[in-house]
1. Looking only at the range A:71-125, filter to residues that are at the interface with another protein chain (Cβ under 7 Å from one of its Cβ atoms) and closer than 14 Å to A:Ser169 by Cα; which one of those is surrounded by the fewest Cβ atoms within 10 Å (Cβ to Cβ)?
2. Between A:Asn122, A:Asn118, A:Asn128, A:Asn109, which is under 16 Å from A:Val53 (Cα atoms) and of a type in the set (S, T, N, Q)?
3. Mind listing just one residue for me: the one in the range A:284-326 that is basic (Lys, Arg) and assigned to a loop (DSSP other than H, G, I, E, B) and, of those, farthest from the other protein chains (Cβ to nearest Cβ)?
4. In the set A:Asn243, A:Asn227, which member is touching a Ser or Thr at 6+ places or on another chain (Cβ under 9 Å) and at pLDDT 95 or above?
5. Which of the residues spanning the range B:427-467 are surrounded by fewer than 17 Cβ atoms within 10 Å (Cβ to Cβ) and at the interface with chain A (Cβ under 10 Å from one of its Cβ atoms)?
6. Within the bounds of the range A:292-304, is there any residue that is touching a Phe, Trp or Tyr at 6+ places or on another chain (Cβ under 6 Å) and farther than 14 Å from A:Glu232 by Cα?
7. Which of the residues belonging to the range B:298-324 are touching a Lys or Arg at 6+ places or on another chain (Cβ under 8 Å) and over 19 Å from A:Ala79 (Cα atoms)?
Amino acid sequence: MEATTLQCLYKPRDYASDQEVKWCPGCGDYAIISAVQKTFSELNLKKEDVTIVSGIGCSSRFPYYMNTYGFHTIHGRAAAVATGVKLANPDLSVWMMSGDGDSLAIGGNHFIHAVRRNININLILFNNEIYGLTKGQYSPTSERGKITKSSPYGTVESPFNVGELTLGSKGHFYARVPDTDVKLMTEVMKQAYLHEGFSVVEVLQNCVIFNDKTHADITSKETKLNNQILLEHGKPMLFGENNSKGLLLNGLDLEVVTIGENGISEEDILVHDASAKSNVLHNLLIQMKLPEFPIAMGVIRNADANVYDKAFFEQMENQEQLSKYKSLDDLFMSGNIFTINS
Amino acid sequence: MKTTLESVVIKFAGDSGDGMQLAGTLFTDTTAVMGNSIATFPDFPSEIRAPQGTVAGVSGFQIHFGTSGVHSPGDTPDILVAMNPAALKANLHNLKPACTILLDSDAFSKKTIEKAGFGNNPLEDDTLSDFKVIEAPITSLTKSALTDLGLDNKTADRCKNVFTLGIVFWLFSEPLEQTINFFKQKFKNNPTIAEANIKAIKAGYNYALTIEAIKSSFTVLPAKKVPGTYRNITGNQATAWGLMAAAQKAGKPLFLGSYPITPATDIMQELTKHKWTKTRVFQAEDEIAGICSTIGAAFAGNVAVTTTSGPGMALKTEAIGLAVMTELPIVIVNVQRGGPSTGLPTKTEQSDLMQAVWGRNGESPVVVISASTPADCFDWAFEATRIALEHMTPVILLTESYLGNGAEPWRIKSLKELPEIKPLMLETKDANWQPYKRDNEKLTRKWVVPGTPEMQHRIGGLEKDECTGCVSHNPQNHELMVKIRKEKIQRVANFIPEQRYKGKDAKKLLVVGWGGQFGILFGAVNELQKEGKDIAFTHFNYINPLPKNTAEIFSKFDKIIVCELNDGQFANYLRALLPQFKYEQYNKIQGLPFTVKELKNKFNQLLEEK
């Protein structure tokens, strides 16, 4: 990436504001903010050109801790506020910080429509599968049967899969990353920035107080090698110790295979095409679940499409050229007018 | 025989698919161009095509035009155009003796008469004996006028509103040219339809000229208006134009974030036509996204507006609180309709006043102003924007269905004659600046938008430190901030004109109005003043804060009566703010505007009481 080869204008810590960070000790958010600061630094973003918009929830305190422009709005509405910011000044780099409750429950409507319109905003979605700021109720991504303060006998509803919902809303950029891997988060966030259109980066984030280790099967040191697969555009879908395992397509389903067994060689393994127009394979990758499959990480979908803000301003410029009016006075005096003399 | 009249009220009434709104609008445009004063009142059901032939499905368009005394669309029509028995039935209770009724006799069959709820054929019994009735076989005449064109039955049938309009044009000696040009323009890609409409209007005009049934026609002379160039304008169009003019005077792009809702949608539709002005119109996924995008656009430096009606206003409540807390300039236009809930979507009411002033969680003051006529929606939209930008606050502009859909001549304003608006933007670094540091006089903070170097800051819905704007849970700071936010709105009163009233010598009765009932209230008081009654009138556009001299005016009168289209909201607001006075009330909650007659009766009663 060209941006990374330039001399950095700011160090990551230059993006930190003077406010005391008030997340719980051990919270996954610390790693995320550090990745965001690294991303901005590596992208050479000017502090004044970045606007961070958030909703309500632990993750949404994020803007207060960044030395950029920031707006901590209301629960669920960050996507709508961010849309207004982008349309008021399309030159700004607009980032949205939100949680699973904020974006998928109370803000679900704004989320799907921002994705559908494909407006050029980058969303970092902190998914900890719980309501933290209200002290531990189940969220729309909590697994079925989850016992929480608001579901003492277990939930009787099925969760959203963030990636599925993004693709179902006609999304063109979706990535999934664990909060334990700052390097990967940084790489993925840079790609999200470079993608024109709405980018969804789901971070599997750990809530150390109310839902500790909920992602541990995926993210812990002991399990991550076999339970995660990092998808990289143009590379074969390999994972496990010494990349000994891989994915291939068997009919309409994915299958985990071992290289060297049953005559399988590396050539048989699927090669990741994040830019594919069709999202069918992306959906299969997103839906993979333990224990049968590893959890897909990295940029799973990154396809080109019409960008809302671009089309919005192109249409405006065309109308400026085409309009028969050159001023409001022209408009006011057009059509049926009549003059009364004294 | 020709009779010259001061002013006339015509009502076009028919099925909601009969084209009554179009007939009314075309007639309005012509009378406006001929220099008459006009006021209109469209009245239609909320269903797009309500059941045919029923009273519930009747769509009406009333227009009052004339030389003088046109302050309202008029109480009752002088001429009723009834396209079917239901239209006649729906209006019969509101006709004065000697009113002229023009009706389509072809539409009176046994079935349609029953459907309208008449026991007998009203054309055959004495139902209409008090009126001058013109029975014209409009449907069959229209069809025969169009036989050469080879149109199908349905298309020919749809021209009967235009044929009827031709009759009305003749009645009032109004020229056809403008309407003919309208058809040529509107149907330029379909010359057959253009010709059908032109033939129909001429046929109607000629029919009226030749038949003996119409014994006289009328002339209404042009009004004596302020010299200038005029055009006909609806309240919603005037609102849209006022917003565009204000943005230009502020030197910032206009942003509208909105969601379709009756009767406010026309404002969005008007603005979106004018992308050439760099106006950004965002049709949001819901009312909440409408206002939230507006708040985002305000944060990023646009003149940001959202438009809605009552139910949408309810959804925007939480976000208005955010704009209060972050002290961002936004304008919220509420074109009021009948409530609560979905209520009466197409009918007028003034029942969102309390919601505008107090309808939020916490102590959450905003500026509330209202428009009073269709044309002055332009001025009040401009003023709402000025206050928002110069006082860094959300401003709610209340109009109402009656204004939004109503039309009147507007003396066209040029951009040159409008005042500059000075946004409180800070564009270069000031060492003493803090996000919530205030101006001593207005208590406003500065508007520093993203993209401005070295001034990065964060705002949000959590309570703010009174100077730095950082999050603060300090108890004393919260109390201070509540008082500052209140005082900031109160100080807007130092920057608005004093309240005026009409009737300097009066002592007995003061009529108080607000919002869109101005014309009718003015008309009623004006007539009583001419009769020598001891009565005065004051009309409020600034609701919160009230003009500073309000109490001084009230103190001059023995009695005060507050007239509004709700159950007493402004009266109760005044009782809370100025409890030293006693307020009588006149309220109407029927989804309809006042009539001059009912107001005069009430005022006379109060004037006669000891």
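The values are calculated or read from the model by the stated rules, or taken from the named source; none is laboratory data. For clarity, every value in this text was computed on a predicted model and none was experimentally measured. In this analysis, Cβ positions are derived from the backbone assuming ideal geometry, glycine residues included, and neighbour counts consider all displayed protein chains.
1. A:Asn109
2. Working: A:Asn118 fails: under 16 Å from A:Val53 (Cα atoms); A:Asn128 fails: under 16 Å from A:Val53 (Cα atoms); A:Asn109 fails: under 16 Å from A:Val53 (Cα atoms).
Going through A:Asn122, A:Asn118, A:Asn128, A:Asn109 in turn, just one is under 16 Å from A:Val53 (Cα atoms) and of a type in the set (S, T, N, Q): A:Asn122.
3. Going residue by residue through the range A:284-326, those that are basic (Lys, Arg) are A:289, A:301, A:310, A:324, A:326.
So of that shortlist, the ones also assigned to a loop (DSSP other than H, G, I, E, B) come out as A:289, A:324, A:326.
Values: A:Lys289: 31, A:Lys324: 9, A:Lys326: 9 Å.
It comes out as A:Lys289.
4. Working: A:Asn243 fails: touching a Ser or Thr at 6+ places or on another chain (Cβ under 9 Å).
Of A:Asn243, A:Asn227, the one residue that is touching a Ser or Thr at 6+ places or on another chain (Cβ under 9 Å) and at pLDDT 95 or above is A:Asn227.
5. Result: B:Pro453, B:Glu454, B:Leu462.
6. Quick first cut of the range A:292-304, residues touching a Phe, Trp or Tyr at 6+ places or on another chain (Cβ under 6 Å) only: A:294, A:300-302.
From what's left, farther than 14 Å from A:Glu232 by Cα: A:294.
Yes, the range A:292-304 contains at least one residue that is touching a Phe, Trp or Tyr at 6+ places or on another chain (Cβ under 6 Å) and farther than 14 Å from A:Glu232 by Cα.
7. The answer is B:Val303, B:Thr308, B:Ser309, B:Gly310, B:Val324.
Conditions (1) buried (at least 20 other Cβ atoms within 10 Å of the Cβ); (2) within 14 Å of chain A (Cβ to nearest Cβ), marked per residue:
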position: B:Ala13; (1), (2): yes, no
position: B:Ser16; (1), (2): yes, no
position: B:Gly19; (1), (2): yes, no
position: B:Leu22; (1), (2): no, no
position: B:Thr30; (1), (2): yes, yes
position: B:Ile38; (1), (2): yes, yes
position: B:Phe41; (1), (2): yes, no
position: B:Gln52; (1), (2): no, no
